[in-house]
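Report on the following structure.
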Amino acid sequence: MKAADLCRKTAGYCNEKGYVMEKREQLYEGKAKKVYKTDDPELYIVSYKDDATAFNGLKKGTIEGKGSINNRVSNFLMKKLEEKEGVPTHVVKELNDRETLVKKVSIVPLEVIIRNIAAGSLSKRLGIPEGTPMKTPVLEYCYKDDALGDPMINDYHILAMGIATREELDTIAAYSFKVNDFLRDYMKSAGIDLVDFKIEFGRTSDGKIILADEISPDTCRFWDINTHEKLDKDRFRRDLGGVEDAYNEILKRLLGE
Ligand code: ADP
Ligand code: UDP
């Protein structure tokens, strides 16, 4: 069957050039997602898994329904960031509960972390009790390298190692603060404090920096505004129980499901 005919049969699964958007060769299996090629060299399909890991893969488990929740939450937030804030993202189309068609990027190997309230590694490193509001948002970079344990680095390391140019880094920082401003307000309207989060950026084939990867309870700390209950992956990391319920609560508050 020709691609165009198949396209008609699989409405919504093809791009404007008539390529059928189905998973082809698996390129990568990470801790939380799998990445597949498609027939369009510029597009990938990401498939979100229920697998959960923490402490650089030392703790492993499953969070039932997580893949589907993270996929939908991430796409929902990225779409809003794109529409309302003009932050370009990799999201092209949500194909089903777990799978999304995304723009292929070459990931800039940085974990960009923004913190509004002290928690986790910042609390440990600096002796600031968890829950202490930061006077201004704190931006941190970690070098994305599992073998090295994702060490924290600064602008000078990034430029000296050639991870990004000055211009790219300025774009990354500006987009990251936009993400923080938007997400903090949006989560507040859903009764949630945005404590901190991690995002990743990539370069498209024409050299543009766009937001990639995911924004979900796996990659953010979300606390209920009133009870301060943790509604994120810390429930798994710290064996707090109620992990699935927390992920479902985020889905419900954001998408009303
Ligand atoms: P990890 O690699 O940390 O185990 P995941 O399981 O989430 O993480 O794997 C997804 C991988 O895909 C990550 O390495 C992420 O950087 C990468 N990625 C995310 N979005 C894109 C994209 N649009 N194009 C290419 N790679 C991407
Ligand atoms: N984070 C992430 N992936 C990582 C490390 C951190 O998504 O590999 C997120 C984490 O969920 C939190 C923020 O980044 O929202 C800051 O994490 P922190 O540095 O406190 O690390 P942790 O306490 O998770 O070791």
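The values are calculated or read from the model by the stated rules, or taken from the named source; none is laboratory data. Since we're looking at a predicted model, the values are computed, not measured. Every residue, glycine as well, gets a Cβ built from its backbone with ideal geometry; the counts of neighbours run over all protein chains shown.
Looking for whichever is farther than 30 Å from LYS60 by Cα, among the acidic types (Asp, Glu), away from ligand 2 (no atom under 16 Å from the Cβ) and in a helix (DSSP H, G or I) here; the options are GLU249, GLU168. Which one fits? First the steps, then the outcome.
On the way: GLU249 fails: farther than 30 Å from LYS60 by Cα.
Just one listed residue meets the conditions, GLU168.
Can you go through LYS124, LYS31, LYS104 and tell me which one is within 11 Å of ligand 2 (Cβ to nearest atom), in contact with an Asp or Glu (Cβ under 9 Å, 6 or more places away or on another chain) and not hydroxyl-bearing (Ser, Thr, Tyr)?
On the way: LYS124 fails: in contact with an Asp or Glu (Cβ under 9 Å, 6 or more places away or on another chain); LYS104 fails: within 11 Å of ligand 2 (Cβ to nearest atom).
LYS31 is the lone residue from the list that is within 11 Å of ligand 2 (Cβ to nearest atom), in contact with an Asp or Glu (Cβ under 9 Å, 6 or more places away or on another chain) and not hydroxyl-bearing (Ser, Thr, Tyr).
Looking only at the stretch 1-42, count every residue that is aromatic (Phe, Trp, Tyr), modelled with pLDDT under 80 and closer than 23 Å to GLU214 by Cβ and tell me the total. Please lay out each step first, then the result.
Start the filter on the stretch 1-42 by keeping residues that are aromatic (Phe, Trp, Tyr), which leaves 13, 19, 28, 36.
If we keep only those that are modelled with pLDDT under 80 as well, we get 13, 19.
With closer than 23 Å to GLU214 by Cβ added as a condition, the list becomes 13.
So the answer is 1.
Quick check: is even one residue across the stretch 178-201 within 16 Å of ligand 1 (Cβ to nearest atom), buried (at least 16 other Cβ atoms within 10 Å of the Cβ) and in a loop (DSSP other than H, G, I, E, B)?
No, because not a single residue in the stretch 178-201 is within 16 Å of ligand 1 (Cβ to nearest atom), buried (at least 16 other Cβ atoms within 10 Å of the Cβ) and in a loop (DSSP other than H, G, I, E, B).
Just checking, which of TYR48, TYR28 is crowded, with 19+ Cβ neighbours inside 10 Å, hydroxyl-bearing (Ser, Thr, Tyr), near ligand 1 (Cβ under 9 Å from one of its atoms) and within 24 Å of TYR247 (Cβ to Cβ)?
Values: TYR28 fails: crowded, with 19+ Cβ neighbours inside 10 Å.
Just one listed residue meets the conditions, TYR48.
Within the stretch 225-236, can one find any residue that is of a type in the set (D, E, K, R), within 12 Å of ALA190 (Cβ to Cβ) and out of contact with any Ser or Thr (no Cβ under 7 Å at 6 or more places or on another chain)? Before you say what the answer is, go through the steps one by one.
Restricting attention to the stretch 225-236, the residues satisfying the condition of being of a type in the set (D, E, K, R) are 229-230, 232-235.
From what's left, within 12 Å of ALA190 (Cβ to Cβ): none.
Checked the stretch 225-236: no residue is of a type in the set (D, E, K, R), within 12 Å of ALA190 (Cβ to Cβ) and out of contact with any Ser or Thr (no Cβ under 7 Å at 6 or more places or on another chain).
Considering only the stretch 173-201, state which residues are under 19 Å from ASP145 (Cα atoms) and of a type in the set (A, V, I, L, M). Even if it seems obvious, please write down each step before you answer.
Let us first name the residues in the stretch 173-201 that are under 19 Å from ASP145 (Cα atoms), namely 197-201.
ILE199, the sole residue that qualifies.
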